[in-house]
1. So how many residues does segment 138-170 have that are more than 19 Å from residue 101 (Cα to Cα) and assigned to a helix (DSSP H, G or I)?
2. In this structure, does residue 92 turn out to be at pLDDT 85 or above, out of contact with any strand residue (DSSP E or B) (no Cβ under 7 Å at 6 or more places or on another chain) and either surrounded by 19 or more Cβ atoms within 10 Å (Cβ to Cβ) or part of a helix (DSSP H, G or I) (or both)?
3. Kindly indicate whether residue 78 is more than 30 Å from residue 6 (Cβ to Cβ) and touching a strand residue (DSSP E or B) at 6+ places or on another chain (Cβ under 7 Å).
4. What helices (runs of 4 or more DSSP H) lie completely within segment 15-85 and have 1 or more residues being at pLDDT below 85, closer than 23 Å to residue 139 by Cα and more than 11 Å from the chain's Cα centre (by Cα)?
5. Just wondering, is there one or more residues in segment 64-79 that are touching a residue at least 40 places away in the same chain (Cβ under 8 Å), closer than 15 Å to residue 144 by Cα and exposed (fewer than 15 other Cβ atoms within 10 Å of the Cβ)?
6. Can you find a residue in segment 95-103 that is farther than 19 Å from residue 170 by Cβ and assigned to a helix (DSSP H, G or I)?
7. Return the residues of segment 37-59 that are closer than 27 Å to residue 89 by Cα and touching a strand residue (DSSP E or B) at 6+ places or on another chain (Cβ under 7 Å); say none if nothing qualifies.
């Protein structure tokens, strides 16, 4: 089998949807990480305490409370991993590499991709757990939907790039 040293973009110069998916996923990720995810209201005897959390402020809050492991897990899977995934997809799409390197990188992404929705799952569990308490009200904010969209867009981009890479090997 011949080893190619072309980028996938060179194989498919008219597939602008990959670039659009990568840009949209990055923009949605940045917005989803910074916009409020949840609004938590606690009834404290006479008054209400309201807190609004984004992914970033949630991680910082957990860290300050001494929940280092949970803060680290959420930081890695919600912030570091999604950016690594988009960066890896960009490298696969734009940079020249041997077919074997591209295949190896795609297999690595596929393996890690199984963990893509872990962060959304954690936020969902948090909302459900807090809602079970009678003195606490939790409301999902736009950030949770935009964050989920970012993860979904990166999953679609991964599947599309993988499909095009496999087609380029033929």
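The values are calculated or read from the model by the stated rules, or taken from the named source; none is laboratory data. Just so it is clear, the model here is predicted, and its values are computed rather than measured. Please note: Cβ atoms are built from the backbone with ideal geometry, for glycine as well, and neighbour counts cover all protein chains shown.
1. So the answer is 15.
2. yes
3. Answer is no for this residue.
4. Fully inside segment 15-85 and qualifying: 55-64, 68-75.
5. Checking segment 64-79: not a single residue is touching a residue at least 40 places away in the same chain (Cβ under 8 Å), closer than 15 Å to residue 144 by Cα and exposed (fewer than 15 other Cβ atoms within 10 Å of the Cβ).
6. no
7. 37
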